[in-house]
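What follows draws every value from the coordinates through simple rules; no lab data is involved. From a predicted model like this one, the values you see are computed outputs, not experimental measurements. All Cβ positions, glycine included, derive from the backbone under ideal geometry; neighbour counts span all protein chains shown.
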Amino acid sequence: MTRSIFSYYDTTPVQPGCGDEVLVPARSCELSLPRQHILAADARSAVRDLSTHLSVRDAAWRAIISRARRDPGLWHPVAIWAAIPTLKWTATRLYRHWGGDLEDLRSEAILAFLQETRAMKLDNRAIGTRLKWSIYTKVRNANAHLYRERPVENIDLTQARPVIPDPQFDIPALAGRRPRSTAATLRAVHGERLGELAQHYGLAARLNHRHDTGSGDAA
């Protein structure tokens, strides 16, 4: 059985040639963190673990992305491997809401990630969060033809669908000052879903009728 590209990067360890390379030297970030060197082999956990200080996570992403730009043949696999949990979250979320082919969505997520690593400004804070929502938006836009809610007999079933937790987005340091582009993305995504639900159940037409006839006005 042939494995997909996504499965390959998900399960293949970091190449021996770069697994021992130091991405973030000890005590090189805020608060004299990290306490010890962060190696390429530890990249996946380092960029996602909330117990790791945000400055350290950002430093790890900067190290990975800068190396991928200089030597894509060696470091693109490392970058994709480190980002797999976010790419999996993106593809699975879109698949659950709008259907389509899961492997195609995963491939689109990898492509979007590689595009973002070329365009990302490395002096940004919360690089992981910015990558996550930029990738989500790219994949969503590339598969616009899938953006229809799956018909269900009971709307409560839609609300009961489990959501994959992604702690990387819940960064205390960003509380109250989420990047404008991220907030706009979230509003657009949820606005689309609410609008489609209203249209699907005929609510939009009924609300417009009430507005035109004035039947919703208070006596």
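One table, with the values for the structure above:
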| item | result |
| --- | --- |
| Residue order, fewest to most surrounding Cβ atoms within 10 angstrom, among 61, 133 | 133, 61 |
| Residue-span extension gain [residue 30 to residue 71] - 0.36 nm each, minus C-alpha spacing | 12.0 nm |
| Exposure proxy ranking, count of Cβ atoms within 10 Å, fewest first, for 145, 97, 53 | 145, 53, 97 |
| Efficiency of FRET from Cβ geometry, residue 45 and residue 124, R₀ 30 Å, rounded to 0.05 | 0.90 |
